[in-house]
Amino acid sequence: MRALIIVDVQNDFCPGGALEVPRGDQVIPVINNLIERFDNIVQTQDWHPKGHWSFASSYRGKEPFDTTTLEYGEQVLWPDHCVQGEKGSEFHPDLNTTPTQLVIRKGFRKSIDSYSAFYENDFKTKTGLTGYLRERNIDTLYVSGLATDFCVKWSVLDGLKEGFQVNVVDDAIRGIDINGSVDQAVKEMKEAGAAFVLSGEVK
Ligand code: VGL
Ligand code: ZN
């Protein structure tokens, strides 16, 4: 059984949002089209409390895209984004969310960021997605959404680690791209065993 995973297609990651992914909204028609071919659909939603430790605004003298060290290692500091209950955290209004069966919210613990749909950035705290997929006999994932170099990448790497077969839908992802991080992410995903497919090839 297979599932479509739609990562963080939220207002703040689309043009005009607080942490916009260039051309991020271009994934929406591609994903809306893909949805029709899947019986199992999961979305993730970045969902931070105010004052989250991944926000540059939580530190004196830090700017967005600076880094800091948290208990689990290096953390990129972001503009405030996807704050719980605010407009920026809502799914983009053009995304068809009706057929979605599960929404995994992540990043809701103030002191831990969470890029992956499976594990938070401490690499220990689980979101519960593996158990959900296994109980539904899903072994193959098609991953789409934002951003290629952060939440998509970590979801793909963890999905592989958890033993799923993972396909990345190449025309259904876009990245933030900090100093070549998109190319690096694609390389890491391929080396870890992810297959890259185009949405038109997904039957
Ligand atoms: C993301 C940075 C911070 C993402 C989320 O969805 O890729 N990136 N929070
Ligand atoms: Zn975030």
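Residues that are open to solvent by 60 Å² or more (accessible area, probe 1.4 Å) and not acidic (Asp, Glu) were ranked within segment 168-193; the one that is farthest from GLY145 (Cα to Cα) is ASN179. Is it fair to say ASN137 is crowded, with 19+ Cβ neighbours inside 10 Å, at pLDDT 95 or above and more than 29 Å from VAL83 (Cα to Cα)? No, not satisfied. Total residues in segment 145-171 satisfying the condition of being closer than 21 Å to MET1 by Cα and either of a type in the set (Lys, Arg) or modelled with pLDDT under 95 (or both): the figure is 1.
Conditions tested, residue by residue: (1) touching a residue at least 12 places away in the same chain (Cβ under 8 Å); (2) closer than 26 Å to GLY73 by Cβ; (3) surrounded by fewer than 16 Cβ atoms within 10 Å (Cβ to Cβ).
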position: ILE104; (1), (2), (3): yes, yes, no
position: LYS110; (1), (2), (3): yes, yes, yes
position: GLY131; (1), (2), (3): no, yes, yes
position: LEU141; (1), (2), (3): yes, yes, no
position: VAL156; (1), (2), (3): yes, yes, no
position: ALA195; (1), (2), (3): yes, no, yes
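For segment 2-88, the strands (runs of 3 or more DSSP E) that sit wholly inside it and include 2 or more residues that are within 13 Å of ligand 2 (Cβ to nearest atom) are 41-46, 73-76. Report yes if some residue within segment 50-72 is buried (at least 20 other Cβ atoms within 10 Å of the Cβ) and more than 11 Å from ligand 1 (Cβ to nearest atom); otherwise report no. Within segment 50-72, none of the residues are buried (at least 20 other Cβ atoms within 10 Å of the Cβ) and more than 11 Å from ligand 1 (Cβ to nearest atom).
Selection of segment 14-44 for residues being open to solvent by 10 Å² or more (accessible area, probe 1.4 Å) and touching a helix residue (DSSP H, G or I) at 6+ places or on another chain (Cβ under 8 Å) yields PRO15, GLY17, ALA18, GLU20, VAL30, ASN33. Could you tell me whether segment 105-115 includes any residue that is in contact with a strand residue (DSSP E or B) (Cβ under 8 Å, 6 or more places away or on another chain), within 21 Å of GLU71 (Cα to Cα) and in a helix (DSSP H, G or I)? Checked segment 105-115: no residue is in contact with a strand residue (DSSP E or B) (Cβ under 8 Å, 6 or more places away or on another chain), within 21 Å of GLU71 (Cα to Cα) and in a helix (DSSP H, G or I).
The values are calculated or read from the model by the stated rules, or taken from the named source; none is laboratory data. Everything numeric in this text was worked out from a predicted model, so none of it was measured. Every residue, glycine as well, gets a Cβ built from its backbone with ideal geometry; the counts of neighbours run over all protein chains shown. Surface areas here come from the heavy atoms of the whole protein model, side chains and all, with no ligands, DNA or RNA. Shrake-Rupley method; radii C 1.70, N 1.55, O 1.52, S 1.80 Å.
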